[in-house]
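Colleague: Here it is, the structure, as structure tokens.
Every read-out reported here was derived from the displayed coordinates using simple, explicitly stated rules and does not represent laboratory data. Because the structure is a prediction, the values reported are computed rather than measured. Glycine also receives a Cβ, built like all others from the backbone with ideal geometry; neighbour counts cover every protein chain displayed.
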Amino acid sequence: MKDLQSVDSLLLKELKLCCAKESSFLPRDSGLRILEAAPAENHNAVSAKCRDANVEELWGLTSFFGYSAQTFVQAVNMLDRFLTIMKVQPKHLPCIGVCCLHMAAKMVEEEHVLSPTRELIRISHSKFTVSDLGRMEKIISEKLGSPEPQAVTALTFLHLYRSAFEALTAGREELPSIGTLEAQLKACTCRLVFSKAKPSVLALSLLAQELNALQSTTAMKAVQQLQKHLKISEGELLHWREQVGRCMAQYYSGECTKPDNKKLVWIVSRRTAQNLQANRFCVPGLPTIPEGNWDESESEDSCEDMSCEEDSLCGSPGSDGGGAYFPSTFRSTCRE
């Protein structure tokens, strides 16, 4: 196996640069403790359970709109940082979550991939308007810094580590696919506890856990080289490997429910709903169905409080006007 010094100098430089930046994108520790301490059924503050449920919904939206893992991880990073500096009421969380996803998509995705704001709101079944989302975006930008740069996340390190591993092993060792690693990272991201981990440590923990299952001595030596180069302690890496292992055990079990972007609920206009209600008793009689063969020819303290100034961020669904319910790509597929 090659030595780490033989790896592309630009790659090592990028790793060091990301390590220097990662602390700037970590959620505030005191805010994370407040979220963890909040009762699950608290109606005045966001709890860890409430946050995790919202992140799972964002994962489903990411899958439905075909957004990348980078968009999802970026959105959750923004969400966590915002929740740990602001005192947020649970009723505002859907608006904040969707807004973070929309902001992240505008940073990461190409313009032709972006979903119109009205479609995003309709698909998420959210009770706020386009103007509400615009106001929330201004608040988040103000609190996190505008313009908001792309965060250094665990996904950033996953891609860098994998490139380093390929260089160290000269491509002779089997490595987990980036798709598998991204899916595992998204599963971890749905749990608030992983927001406490440094992105560099969480990414290396995911890789080490997966490489250990492959029983590759060469690859594990590469993990040790990166661990030493980035000055990650053995205790820290072991702690997060255990956390990742527990999360993956549940993720691959039958108890875990993955996002299903095929489960859609029809949204109808008020006029259509009234017509349906008025005509519900007008059921035409059906002719008798003949029996026979089928005819094949027929076919808290450290957080700022936004609860008062933003109480109006709960409008009615789609009250900003109409717009196509399904994304344009989905509609064109249906026509075909």
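Colleague: Separation of the stretch 139-157 and the stretch 192-225 by C-alpha centroid, Å?
Modeller: The stretch 139-157 and the stretch 192-225 have Cα centres spaced 24 Å from each other.
Colleague: While we're looking at this one, here's another question. At 7 Å along the Cα-to-beta-carbon direction for both residue 49 and residue 37, put a label point, then send me their distance in nm to one decimal.
Modeller: 1.9 nm
Colleague: Please name whichever of 128, 108, 165 sits farthest to the positive end of the charge dipole of the stretch 71-196, dipole taken about the Cα centre and charges placed at Cβ: Lys and Arg +1, Asp and Glu -1.
Modeller: Comparing the listed Cα positions along the dipole, 128 ranks first.
Colleague: Convert each backbone phi in the stretch 189-206 into a coupling constant with the Karplus relation 6.51 cos²θ - 1.76 cosθ + 1.60 (shift: θ = phi - 60°), then list the ³J(HN,Hα) values in order as whole Hz, x for Gly and Pro.
Modeller: With coefficients 6.51, -1.76 and 1.60, one gets 4, 6, 10, 4, 4, 6, 6, 7, 7, 5, x, 5, 6, 4, 5, 5, 5, 4 Hz.
Colleague: Something else about it: Once you place label points 7 Å from the Cα toward the Cβ at residue 172 and residue 238, how far apart are they in nm?
Modeller: Calculated label separation equals 3.1 nm.
Colleague: Ranking request for peptides 158-165, 108-115, 70-77, 216-223: highest mean number of other beta-carbon atoms within 10 Å first, then the rest in descending order.
Modeller: The packing order, highest mean first, is 70-77, 158-165, 216-223, 108-115.
Colleague: Under the Karplus relation 6.51 cos²θ - 1.76 cosθ + 1.60, θ = phi - 60°, what is the ordered set of whole-Hz ³J(HN,Hα) values for the stretch 41-55, x standing for Gly and Pro?
Modeller: 9, 6, 9, 10, 8, 6, 9, 4, 5, 5, 5, 4, 5, 5, 5
Colleague: Let me ask you something else. Could you check the simple spin-label distance between residue 23 and residue 183, using points 7 Å along Cα→Cβ, in nm with one decimal?
Modeller: Here the modelled spin labels are 3.6 nm apart.
Colleague: What do you get for GluC sites (Glu not before Pro) in the stretch 169-218 restricted to DSSP loop and a cutoff of at most 14 other Cβ within 10 Å of the site's Cβ?
Modeller: 174
Colleague: Show me 140-153, 24-37, 184-197 ranked by packing, highest mean number of other Cβ atoms within 10 Å first.
Modeller: 184-197, 24-37, 140-153
Colleague: Which of the residue pairs 186/228; 87/196; 13/143 have a Cα-Cα distance greater than 24 Å in the structure shown?
Modeller: 186/228; 13/143
Colleague: Using the Karplus equation 6.51 cos²θ - 1.76 cosθ + 1.60 (θ = phi - 60°), what ³J(HN,Hα) coupling, rounded to whole Hz, does each residue of the stretch 218-226 give in order, writing x for Gly and Pro?
Modeller: Values per residue, Gly and Pro as x: 4, 5, 5, 5, 5, 4, 4, 5, 5 Hz.
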